[in-house]
Structure formats: C-alpha cells, structure tokens
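> Structure in structure tokens, see below.
The values are calculated or read from the model by the stated rules, or taken from the named source; none is laboratory data. Everything quoted here is computed from the prediction, not taken from an experiment. Here the Cβ positions follow ideal geometry from the backbone for every residue, glycine too, while neighbour counts run over all protein chains shown. The protein model used for the area step is the full one, side chains on, heavy atoms only, and it has no ligands, DNA or RNA in it. Shrake-Rupley method; radii C 1.70, N 1.55, O 1.52, S 1.80 Å.
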Amino acid sequence: MKERLYLFDTTLRDGAQTNGVDFSLEDKVELAQLLDRLGLDYVEGGYPGANPTDTAFFAEKRTRHAVFTAFGMTRRPGVSTSNDPGLRTLLDAHADAVCFVAKTSDYHVRVALQTSEEENLEAIRQSVAAARAAGREALVDCEHFFDGYKANPAYALACARAAHESGARWVVLCDTNGGTLPEEVEAIVRAVAEVIPGDHLGIHAHNDTEQAVANSLAAVRGGARQIQGTLNGIGERCGNANLTSLIPTLMLKPAYADRFEVGVGPEGLRDLTRIAQRFDDMVNRAPNRQAPYVGVSAFTTKAGIHASAILKDPRTYEHVDPAVVGNRRHVLVSEQAGKANLIAELERMGIPVAKGDPRLDAVLREVKERESTGYAYEGAGASFELLARRMLGNVPDFFKVEGFHVTVERRHNALGELVSVSEAVVKLHVGGERLLTVAEGNGPVNALDRALRKDLGVYSEAIADLELIDFKVRILNGGTGAVTRVLIESGDSSGDTWFTVGVSENIVDASFEALHDSIVYKLLHAGAKAAA
Ligand SMILES: [Zn+2]
C-alpha cells in the first residue's frame with residue numbers, strides 16, 4: 001500500500017502576489033476548473049473580503065472534486081471570533097475549507113502583531129474552532145515557521161500544536177522568506193513530526209534559493225504529507241514551489257513514486273505541458289523554455305553526438321519519456337534531422353512530400369530565416385502550415401489586399417466624454433471584383449478585423465462563423481530594435497481553433513498579417529476554391 005500525498009495549489013492566492021500578474025474573475029474560474037481537472041486535492045482561491053474579485057470568486061464553490069479553500073488571517077488580537085469582521089467574511093465564503101495564516105515566530109508575534117505569545121496561541125485555537133463550528137475543514141499556515149523554529153523551537157512548536165489540537169486538518173509549515181536549505185527543512189520537519197503526525201503536516205516553500213521544489217521533497221522525506229505550490233512556480237519574489245515540476249517528479253521518480261500516490265493520474269500528467277502553456281498565455285508571460293518537463297527545450301537536443309545517440313535510442317539522453325508529460329522531443333542537430341522533423345510535421349497536416357524534394361530545404365531555410373526575425377511557428381501552427389503550403393504551391397489565391405488605412409481619433413463625443421474611435425478602410429480584390437469596406441472598432445486592430453471580414457464577396461459565407469478568441473502582443477528586442485509579434489487564436493462553429501502569427505515593427509501591420517493568415521487558413525480548410 002502506498003501512502004497518499006496531498007497536493008495543495010495556491011496559484012490563485014500566493015501566485016496572485018506575483019509582480020505583473022492580475023487575475024480577472026474569469027481567469028480565476030477557468031484556472032480553478034483546470035486545476036480541478038488536473039487532479040489537485042486543494043485549490044486555494046484567494047482572500048475573500050480582501051478585494052472585489054476574490055469576494056465575487058467565493059460567491060459560489062468553484063471546484064467539483066478539489067477542496068475549495070479560502071485564505072485569511074486568524075482572528076485579530078484582543079477581540080472575540082464573533083467580533084472580528086474579517087473572520088466573519090472568511091466563514092461566510094462558499095468554501096469547503098479555510099486556511100488561516102498564523103504567526104508562529106515569537107519575534108513576529110512581538111514586532112508585527114504586537115501582542116503576547118499566549119494571546120497569539122489563543123487566536124489560533126479559537127479561529128480553528130470557529131471554522132470547524134461553521135462546518136469547514138481548517139488548515140493553518142504557520143508563517144515563518146522555520147525561522148521561528150530556529151530562534152525559539154518551543155514557541156514555534158506550541159503554535160503548531162495549538163493548531164493541531166484544536167482540530168486543524170493540516171498544520172502547514174511555511175518557509176515564508178524562502179531562505180531555508182533542504183537539509184534544515186528535512187531535520188525540522190522530522191522533529192515536528194514527532195509531536196504532530198506527518199499525515200497532518202504540510203510544507204509551503206518559497207524559492208529564494210531556487211530550492212523550493214527540493215525543500216518540498218525534503219519535507220516529504222521528513223514526514224510531511226501535503227505540499228503547497230503553484231503552477232509554473234509563480235509567486236512573490238522568486239516564486240513558490242513549482243507544482244509543474246513537483247507533480248512529474250513525484251509520479252515518475254521511483255524514490256517517491258514507489259512510496260506515494262497523488263491525486264493526479266496519468267491522463268492529467270499527459271496534460272501538464274498544455275496546462276503550463278495555457279497558464280503562461282493567460283498571464284501573458286513568456287514561457288520559460290528551460291522549464292523542467294514542460295519547457296520547449298526540456299527535451300531539445302542540439303549538439304552532435306547527443307542528438308545522433310537520441311535518434312538511435314532516446315533513453316541515452318532523456319531522463320523520462322517526453323510523451324508522459326505531454327511534451328515532445330526536438331532534435332535540432334543538422335539539416336538532415338531538421339528535414340525528418342519537417343516531413344513528419346507536413347505528413348501530420350496531410351501534405352505528402354518526397355524525402356528528396358529540394359523544396360524542403362527552401363522551407364527549412366525560410367522558417368529559420370523568419371524565426372530569426374521574430375516569428376514563432378511553434379505557437380502558430382496555422383501560419384506554419386500556410387507558409388509550407390505556399391512554398392509547396394498549394395494555397396489558392398483567394399483574395400488580394402490592395403491596401404488598408406486605419407485612423408485612431410481621440411475626441412469629445414456629444415455627451416462631452418473623451419472617447420477614442422478607430423476606423424479602418426480595406427481595399428481588396430476578390431476574383432475580378434474590387435471591394436472597399438469601412439468599419440469602426442474599439443481599437444485599430446478591431447476596426448481592421450471588422451473591415452476585412454465585413455465583405456469578402458463570394459467568401460463571406462465561408463468565414464461567417466470565424467471568431468477571434470484571443471489576441472496576444474509581445475514586444476521583442478531584436479538586434480536592430482524592437483519588433484512586435486502578434487499571436488491570434490481563432491475558432492469556428494465546429495469547435496476548431498487555430499493560431500496565426502504576424503511580425504512587424506508596427507503593431508497594426510503585425511496584427512493584419514495574423515488576421516490575414518487566419519482568414520486564409522479558414523478558407524483553405526473550408527474547401528473554398530480560388531475565385532479566379
Ligand atoms: Zn507564501
């Protein structure tokens with residue numbers, strides 16, 4: 001029988017502390033579902049009462065399987081639990097569990113909380129009891145536990161014991177400042193586990209010495225059975241323990257996999273790369289190419305002897321099979337290997353090409369050339385397919401764009417309000433016909449998109465259900481100055497989605513290129529014929 005390890009996600013709470021990350025309510029709802037489906041045991045949704053988004057998020061339960069957890073402080077010093085409005089809000093939230101953050105270092109009790117050690121213990125006991133009385137599971141995050149333990153082990157332990165004895169399901173030992181090393185974590189957790197059973201102990205590690213994952217594993221070796229962390233390791237300062245790295249390690253490495261089981265199954269594991277990418281997209285962060293397991297480079301080999309060995313047997317230079325975490329092997333060794341990849345990719349798209357076809361070299365050169373100027377075809381499969389098809393001569397000339405014109409005007413409207421209005425004019429040729437369309441939009445790209453799709457002559461019907469799903473802009477600093485890359489996700493009523501890319505020094509130009517590709521891709525896959 002394997003022992004159960006519980007995974008607690010705090011992306012929506014501690015992860016929301018990340019500089020530059022700001023979740024909308026919709027983001028939080030989507031992420032909670034994503035984490036729930038992945039198989040995490042706990043999803044901590046935020047801090048009800050602290051801001052309108054978190055309060056709205058806790059208006060209903062947002063997970064089906066995971067324990068939906070609200071985060072907040074123990075009752076304030078010197079008031080009763082029933083007279084603390086913060087605690088009231090926490091208990092009113094539609095959550096299954098409440099995670100209290102409590103001070104456990106005597107120094108912080110004195111300096112930050114300005115109360116007595118005994119009053120702090122009482123606040124822990126009474127807050128846990130109040131949550132239990134309200135029918136909630138209770139957890140206590142012991143803030144600064146490791147630093148507190150090193151300075152005054154008796155008091156840190158007294159706090160942990162107060163939480164456990166008053167009925168907290170989990171006593172979570174936090175390395176709040178993130179400076180503790182794995183050997184210290186393991187020793188301290190082992191000592192605490194002599195007082196509080198390990199299956200009631202959790203670890204909350206920060207990454208300030210880049211060892212949050214190692215510290216979490218050290219805590220498990222010391223006896224803890226709950227791990228707290230975030231997707232892609234986001235979080236304040238250097239981040240939290242990275243669940244995206246921890247999950248595969250726990251599931252694939254015999255030292256842990258033989259002893260423990262987690263709530264994530266093989267299917268969830270295979271979804272991990274996609275989830276990590278989706279998450280970066282949502283928070284508009286450049287993915288970490290070197291992220292363990294899920295990064296684009298995690299299974300990419302470039303140098304000579306490694307790559308040729310990998311082609312003979314992948315196990316020579318891969319610690320796990322990339323497919324089990326939903327990633328892919330990339331071998332960038334030579335023209336030859338590049339070509340094999342390209343042929344496989346084209347076959348997947350239904351474009352058969354003979355191995356010796358000289359046009360393959362031209363396509364490879366073009367892709368490399370364009371990627372050096374800012375294009376990224378890995379995230380824009382539809383643009384890659386069009387590029388390849390164009391060079392292999394099978395994209396019909398559906399329509400030609402003669403030119404476009406976009407204006408942005410900022411002025412006062414009839415009500416005296418300051419408004420920005422964008423207008424786009426597109427001139428195109430469909431068959432023998434010259435079309436001129438004009439549309440307004442809430443921004444230049446929106447106006448351009450509307451004008452482009454307003455009247456496409458014989459193709460209007462074929463693109464009627466085309467929809468822009470997402471629009472991402474990234475400024476790249478190349479050798480010759482900044483260029484803008486626009487990535488567009490489109491979809492249609494069949495549920496298909498596709499990604500296109502545009503690059504230019506000008507954001508409107510880059511957007512236009514991506515929009516244009518999206519429409520051509522849609523027409524191609526709708527089986528439209530050239531209007532001649
Ligand atoms: Zn934290």
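> Hey, does segment 117-139 have a residue that's in contact with a Leu (Cβ under 7 Å, 6 or more places away or on another chain) and of a type in the set (Ser, Thr, Tyr)?
The answer is yes, given that some residue of segment 117-139 is in contact with a Leu (Cβ under 7 Å, 6 or more places away or on another chain) and of a type in the set (Ser, Thr, Tyr).
> While we're here: Mind checking which residues of segment 308-350 are modelled with pLDDT of 75 or more and among the acidic types (Asp, Glu)?
Asp313, Glu318, Asp321, Glu345, Glu347
> Residues of segment 355-378 being under 17 Å from Ala344 (Cα atoms) and either open to solvent by less than 90 Å² (accessible area, probe 1.4 Å) or aromatic (Phe, Trp, Tyr) (or both), which ones?
The answer is Gly356, Asp357, Leu360, Asp361, Ala362, Val363, Leu364, Val367, Tyr377.
> Moving to a separate point now. Give the residue that is modelled with the lowest pLDDT, with candidates limited to residues of segment 266-292 that are in a loop (DSSP other than H, G, I, E, B), open to solvent by 50 Å² or more (accessible area, probe 1.4 Å) and not charged (D, E, K, R).
Ala286
> Within segment 61-84, count every residue that is small (Gly, Ala, Ser) and in a loop (DSSP other than H, G, I, E, B). Give the steps one after another, and end with the answer.
So the first thing to find is which residues in segment 61-84 are small (Gly, Ala, Ser), and the list is 66, 70, 72, 78, 80, 82.
Within this subset, residues satisfying the condition of being in a loop (DSSP other than H, G, I, E, B) are 66, 78, 80.
Counting residues in segment 61-84 that are small (Gly, Ala, Ser) and in a loop (DSSP other than H, G, I, E, B) gives 3.
> Further question: Looking only at segment 1-56, which residues are in contact with a strand residue (DSSP E or B) (Cβ under 8 Å, 6 or more places away or on another chain), part of a helix (DSSP H, G or I) and within 30 Å of Gly198 (Cβ to Cβ)?
Gly15, Ala16, Ala32, Leu35, Asp36
> So Asp27 ticks every box in (1) more than 13 Å from the chain's Cα centre (by Cα); (2) more than 16 Å from the ligand (Cβ to nearest atom); (3) modelled with pLDDT under 95 but one. Which box is left unticked?
The one condition Asp27 does not meet is (1).
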